[in-house]
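Structure record follows, encoded as structure tokens.
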Amino acid sequence: MAASSRGLSTTQFDFKLRVAPLNVVPLPKSHVLELAPSKRRKLCFDFADRVRLGSGSIRCCCSDSVTPIRRTSGPGNGGDKNEERRFDTKKNPHIHRVRVQASPAAMPFASPPSFPKQEKYFPRCIPRNSGPQSRDTPPKRDTGIANEKDWGISLLNENVNESGTNEDGSTWYRESGEELGENGYRCRWTRMGGQSYDGSSEWKETWWEKSDWTGYKELGVEKSGRNSEGDSWWETWQENLHQDEWSNIARIERSAQKQAKSGTENAGWYEKWWEKYDAKGWTEKGAHKYGRLNEQSWWEKWGEHYDGRGSVLKWTDKWAETELGTKWGDKWEERFFKGIGSRHGETWHVSPSSERWSRTWGEEHFGNGKVHKYGNSTTGESWDIVVDEETYYEAEPHYGWADVVGDSTQLLSIEPPERPPGVFPNIDFGSPLSPEANDDPPQDLPPSQ
């Protein structure tokens with residue numbers, strides 16, 4: 001399918017960020033650098049005692065008598081919980097929870113403005129005696145996977161091939177059609193686009209729906225654009241319904257990829273999101289993100305797995321670096337089943353002179369109100385205690401099968417071609433590729449570590 005965009009002839013692509021020179025103040029050995037806790041969807045480094053690093057910053061944590069142990073309750077598609085737990089070895093060994101949230105203002109690469117959500121479907125491409133509406137808003141960072149109603153997909157019911165010129169000299173085109181294939185495959189699509197009078201900006205967008213005799217249904221969008229300043233972007237979104245060949249359980253999968261690059265600075269970002277649900281409660285979610293803003297680069301990966309029977313796995317790994325050689329990161333993992341499980345993680349920092357600091361920590365939850373906490377750091381810290389503490393974790397996703405079914409009415413309403421009597425579809429029992437299988441970063445963006 002052709003790439004596409006919300007257009008770009010009128011709205012400015014707000015890539016004009018200014019980054020102050022990197023000034024890292026040498027810290028005493030009793031201080032360390034670490035990532036601040038942030039919302040799962042906010043890959044930003046938000047800090048209390050601040051050392052400025054462009055539009056990001058880093059926190060200085062004293063490592064005297066108080067040992068911080070960071071825990072994030074897990075990624076999700078909204079409303080994530082972030083916690084920082086501390087215990088004072090000189091006072092009470094019990095953990096005190098403090099909920100904090102990162103400020104969007106600390107984004108190392110500010111997101112361009114987004115378009116307002118469309119609450120109802122509406123045919124943006126008709127009446128056909130006028131050109132398609134130009135939409136010039138690039139994708140927005142850390143917004144996850146949109147619901148289908150936010151796209152307002154409205155496919156034409158007949159083949160169309162038309163073009164025209166607007167009063168300001170900009171041009172447009174619109175096409176639609178249908179493709180047929182084996183197993184009752186049918187794809188209905190609409191493609192549109194345009195460019196400014198001087199060709200310095202352009203946009204493209206494609207909508208489609210697919211279906212076949214196996215019950216497979218898919219709804220999707222792909223868009224791209226560029227403006228006169230050289231900023232460019234690309235985004236794709238899709239959701240599909242199918243029946244698992246082995247278990248005969250219905251599944252809905254959603255995914256999104258987003259990319260934007262600045263035409264005036266060495267800046268850009270890329271994100272890949274995916275969600276999978278089945279009717280028995282099995283759920284998988286995840287995201288991979290990376291980006292660059294001049295001398296800074298950052299990465300983040302996270303995942304959630306619910307087996308529908310009470311077993312939960314969540315993990316996060318994020319890190320950043322500068323061209324001067326400073327690197328820092330944070331990662332953790334938790335596994336639970338029926339109140340019993342564990343958490344462990346590491347926070348680390350590497351200086352330009354390759355001096356490394358790290359702190360590792362762990363928790364064992366026995367399901368009886370007792371928690372074993374342990375850890376150490378390269379500066380000589382260590383602890384190994386057992387405390388009375390409530391065990392908290394999310395045994396079910398906050399957004400699950402019932403939610404995604406309710407938000408997929410347009411997908412579920414797709415009608416496949418009628419199957420002739422006595423004709424049966426061929427079923428492939430191979431393993432389909434997961435959206436996260438291909439992790440190659442886009443061209444000119446920093447590779448993952």
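Report whether or not Ser255 is under 27 Å from Asp142 (Cα atoms), at pLDDT 95 or above and open to solvent by less than 50 Å² (accessible area, probe 1.4 Å). In short, yes. Within the range 377-394, being more than 26 Å from His305 (Cβ to Cβ) and open to solvent by 80 Å² or more (accessible area, probe 1.4 Å) holds for Thr378, Ser382, Asp384, Val386, Asp388. When Gly199, Gly193 are checked against the criterion of being among the small types (Gly, Ala, Ser), out of contact with any Pro (no Cβ under 6 Å at 6 or more places or on another chain) and open to solvent by 10 Å² or more (accessible area, probe 1.4 Å), a single residue qualifies: Gly199. Scanning the range 397-417 for residues being in contact with a helix residue (DSSP H, G or I) (Cβ under 8 Å, 6 or more places away or on another chain) and assigned to a loop (DSSP other than H, G, I, E, B) gives a total of 4. The residue list Lys276, Lys210, Lys285 contains one member that is over 30 Å from Pro420 (Cα atoms), among the charged types (D, E, K, R), surrounded by fewer than 22 Cβ atoms within 10 Å (Cβ to Cβ) and modelled with pLDDT of 95 or more, which is Lys276.
Across the range 145-166, not a single residue is classified as under 23 Å from Ala260 (Cα atoms), at pLDDT 90 or above, touching a Gly at 6+ places or on another chain (Cβ under 8 Å) and not in a loop (DSSP other than H, G, I, E, B).
For the residues Glu229, Glu222, Glu235, the requirement of being open to solvent by 10 Å² or more (accessible area, probe 1.4 Å), within 28 Å of Gly131 (Cβ to Cβ) and more than 25 Å from the chain's Cα centre (by Cα) singles out Glu229.
The values are calculated or read from the model by the stated rules, or taken from the named source; none is laboratory data. The structure presented is a predicted model; accordingly, all values stated were derived computationally and were not measured. Backbone-built Cβ (ideal geometry, glycine too); neighbour counts: all protein chains shown. The protein model used for the area step is the full one, side chains on, heavy atoms only, and it has no ligands, DNA or RNA in it. Shrake-Rupley method; radii C 1.70, N 1.55, O 1.52, S 1.80 Å.
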